[in-house]
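The values are calculated or read from the model by the stated rules, or taken from the named source; none is laboratory data. Model, not experiment: these values are computed from the prediction. Every residue, glycine among them, receives a Cβ derived from its backbone with ideal geometry; neighbour counts consider all protein chains shown. For accessibility, only protein heavy atoms count, side chains too; no ligands or nucleic acids. Shrake-Rupley method; radii C 1.70, N 1.55, O 1.52, S 1.80 Å.
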Amino acid sequence: MVEVLRLNLSRVVDESYNILIGFGLFDSIPADLKANPVGEKYAIITDSVLKDIYGRRLLEKFSEENIDACLIDFPAGEESKNISTVTHLVRRLLEHRVDRKSAIITLGGGVVGDVGGFTASIYMRGIPYIQVPTTLLAQVDSSIGGKTAVDMEEGKNLIGSFHQPKRVYIDPSLLKTLPRREYLSGLAEVVKYGVIQDRDLFEYLERNVEKIKNLDEEALLHIIRKSCMIKKEIVEEDPLEKNKRSILNYGHTPAHAIERLSCYKCLHGEAVSVGMRISGWIAVKKGFWRIDEWERQNKLLRSLGLPLKMDFNVDDLIEALYYDKKVEGGTLMFVLPKRIGEMFSINGRYKIPIREDEVRSFLLELNGNN
Ligand SMILES: NC(=O)c1ccc[n+]([C@@H]2O[C@H](COP(=O)([O-])OP(=O)(O)OC[C@H]3O[C@@H](n4cnc5c(N)ncnc54)[C@H](O)[C@@H]3O)[C@@H](O)[C@H]2O)c1
Ligand SMILES: [Zn+2]
């Protein structure tokens with residue numbers, strides 16, 4: 001006789017949240033949290049660079065509003081995006097008596113957002129967090145969608161979770177202090193949104209290259225708002241990346257391999273730029289995309305100051321491609337454009353398998369064209 005007890009657990013959760021965008025928003029975050037609280041106390045997690053530029057300023061604003069808050073930091077850079085940093089952060093959170101009624105604020109770029117968000121997802125089995133992105137990449141991409149992760153020596157983002165933030169505050173004026181190379185690198189993700197989903201955005205970028213490079217306020221607001229809308233809509237449609245969300249990884253399969261080969265010396269957006277040229281070329285060679293549109297994409301990337309080529313050996317790159325999470329059953333998978341503003345799909349599926357020998361011959365031809 002076997003007795004079966006069924007534990008019924010079908011979950012319906014509402015994880016909706018607001019993304020607030022505005023110049024000068026930063027200093028009013030504590031006042032807004034006073035009106036619309038997320039926790040009883042706030043732990044600001046930031047990195048060693050941002051602590052002095054914005055961390056203390058935010059802490060000060062919290063104290064002006066008489067809200068309990070503390071500031072915790074870790075060394076800036078991708079090298080900190082690991083499990084030891086998570087342990088360090090948990091210790092600091094415990095010292096500051098952060099509890100389940102508190103909320104974390106991640107103040108920084110994608111590294112702070114990813115490590116801080118992951119820490120929030122496991123601290124005391126999970127507490128709420130708020131994203132305050134400070135790089136262009138984080139403002140248009142990583143702060144939205146709830147993907148959190150840390151790296152392993154074996155590869156990037158191999159430990160992680162889905163943990164949606166409770167709110168996202170985007171203040172483009174914070175980008176004024178961002179190093180130029182970091183800013184330009186973030187533009188690669190904006191071009192990506194244009195290619196995968198929004199032809200109007202792509203054409204806007206083509207028409208406004210100089211304004212964008214000069215951080216013109218109106219142009220900046222436009223590209224951030226558009227990017228956030230596209231990311232938000234794709235995440236709403238497919239939060240767990242069963243299919244559609246994978247188009248956000250356009251150019252990223254080769255980009256991750258390039259980052260790996262460069263030992264993470266090149267910036268993520270730079271690798272994405274090179275990766276979009278490679279993925280786009282695969283789409284052209286497969287007959288999915290017109291070559292003149294591929295050239296148009298590359299021209300825009302170049303005009304925005306992004307690299308299109310990097311030195312690598314084709315066999316090394318192919319080997320590195322297999323470390324990607326997109327590899328399925330040993331087959332290389334790519335998301336590929338059909339036209340600027342739309343991705344190619346087969347039977348509604350966006351991840352397209354491409355045989356290794358095809359990838360090799362396309363890459364050799366592309367390298368030959370250098
Ligand atoms: N979770 C996601 O959905 C997602 C998406 C894309 C990328 N990512 C991750 O994001 C990370 C990269 O993020 P990133 O490009 O923002 O890099 P980053 O967080 O390392 O920031 C880059 C550098 O700029 C400094 N900085 C940040 N904002 C500044 C400002 N306003 N003024 C002056 N200096 C500033 C930082 O201290 C750091 O040294 C990668 O680890 C990547 O995997 C995550
Ligand atoms: Zn990216």
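Counting only C-alpha contacts under 8 Å and six or more residues apart, can you give the relative contact order of the chain as a whole percent? Numbers along the way, then the final one.
Details: 640 pairs, mean separation 50.6, N = 370.
With pairs under 8 Å counted, the relative contact order is 14 percent.
From the Cα gyration tensor of the stretch 236-344, with a ≥ b ≥ c the square roots of its eigenvalues, which class applies: rounded if a/c is under 1.5, or else prolate if a/b is larger than b/c, or else oblate? Each step should come with its number before you reach the end.
Working: a/c = 1.42, a/b = 1.02, b/c = 1.39.
It is rounded, given that a/c, with a ≥ b ≥ c, falls under 1.5.
Summing Lys, Arg as +1 and Asp, Glu as -1, what charge do residues with Cβ under 12 Å from the Cβ of LEU184 carry, LEU184 excluded? Before the final figure, lay out the partial values.
On the way: positive: ARG180, ARG181, LYS213, ARG302; negative: GLU182, GLU189, GLU270.
With Lys, Arg at +1 and Asp, Glu at -1, the net is +1.
In sequence order, what are the phi-derived ³J(HN,Hα) couplings for the stretch 185-191 according to the Karplus relation 6.51 cos²θ - 1.76 cosθ + 1.60 with θ = phi - 60°, rounded to whole Hz, with x for glycine and proline?
With the stated coefficients, the stretch 185-191 comes to 4, x, 5, 4, 5, 5, 4 Hz.
What's the center-to-center distance, using Cα atoms, between the stretch 210-241 and the stretch 310-370 in Å?
26
Explain nothing, just compute: Karplus ³J(HN,Hα) = 6.51 cos²θ - 1.76 cosθ + 1.60, θ = phi - 60°, for every residue of the stretch 345-357 in order, whole Hz, x for Gly and Pro.
9, 10, 6, x, 9, 8, 7, 10, x, 10, 5, 4, 5
Can you run phi through the Karplus equation (6.51, -1.76, 1.60; θ = phi - 60°) for the stretch 268-273 and list ³J(HN,Hα) in whole Hz, with x for Gly and Pro?
3, x, 4, 5, 5, 4
In whole Å, what is the distance between the alpha-carbon centres of the stretch 3-18 and the stretch 47-103?
So the two Cα centres are separated by 32 Å.
Rounded to whole Å and sorted largest first, list the principal axis extents of the Cα atoms in the stretch 18-177.
43, 34, 27
Considering only the other residues whose Cβ falls under 15 Å of the Cβ of PHE202, what net charge follows from Lys and Arg at +1 and Asp and Glu at -1? Before the final figure, lay out the partial values.
On the way: positive: LYS192, ARG199, ARG207, LYS226, ARG290, ARG296, LYS299, ARG302, LYS338, ARG339; negative: GLU189, ASP198, ASP200, GLU203, GLU206, ASP292, GLU293, GLU295, GLU342.
Value of the local net charge: +1.
Over the stretch 16-122, give the accessible area per residue in Å² for a 1.4 Å probe, as an integer. The partial results should precede the final answer.
Working: 4750 Å² over 107 residues.
Normalised by residue count, the accessible surface of the stretch 16-122 is 44 Å².
Picking from ILE29, ASN18, VAL2, whose Cα lies most toward the positive end of the charge dipole for the chain (charges on Cβ: Lys, Arg +1; Asp, Glu -1)?
VAL2
Please list 201-209, 254-262 highest first by mean number of surrounding beta-carbon atoms within 10 Å per residue. Kindly include the intermediate steps, with their values, before the conclusion.
Details: 201-209: 17.7, 254-262: 22.7.
Highest-to-lowest ranking by the protection proxy: 254-262, 201-209.
Could you tell me what % of all Cα pairs in the chain have separations over 29 Å? Walk me through the intermediate numbers first.
Values: 28755 of 68265 pairs.
Tail fraction, whole percent: 42.
Using a 1.4 Å probe on the protein chains only, how many percent of the accessible area of the stretch 228-270 belongs to carbon and sulfur? Don't skip to the answer; put the middle values down first.
On the way: 1000 of 1700 Å².
C and S atoms contribute 59 percent here.
Can you give the percent of C-alpha pairs in the stretch 87-167 whose distance is more than 19 Å? Kindly include the intermediate steps, with their values, before the conclusion.
Working: 1018 of 3240 pairs.
When all Cα pairs of the stretch 87-167 are counted, 31 percent exceed 19 Å.
Find the accessible area per residue for the stretch 183-368; the probe is 1.4 Å, ligands and nucleic acids are left out, and the unit is Å². Please list the in-between numbers first.
Working: 7830 Å² over 186 residues.
With the other protein chains kept in place, the stretch 183-368 gives 42 Å² per residue.
Taking the stretch 152-253 as the region of interest, what is the percent of Cα-Cα pairs per 5 angstrom bin, listed from the shortest bin to the one with the maximum distance?
P(r) over the stretch 152-253, rounded to whole percents: 2, 10, 18, 22, 20, 16, 9, 3, 0.
At 1.4 Å probe size, with the rest of the protein present, what percent of the exposed accessible area of the stretch 42-140 is carbon and sulfur atoms?
On the way: 1880 of 3860 Å².
For the stretch 42-140, the apolar C and S fraction of the accessible surface comes to 49 percent.
Skipping prolines and chain starts, which residues have an amide H placed within reach, meaning under 5 Å, of the one on ILE21, given they are 5 or more residues away or on another chain?
ILE170
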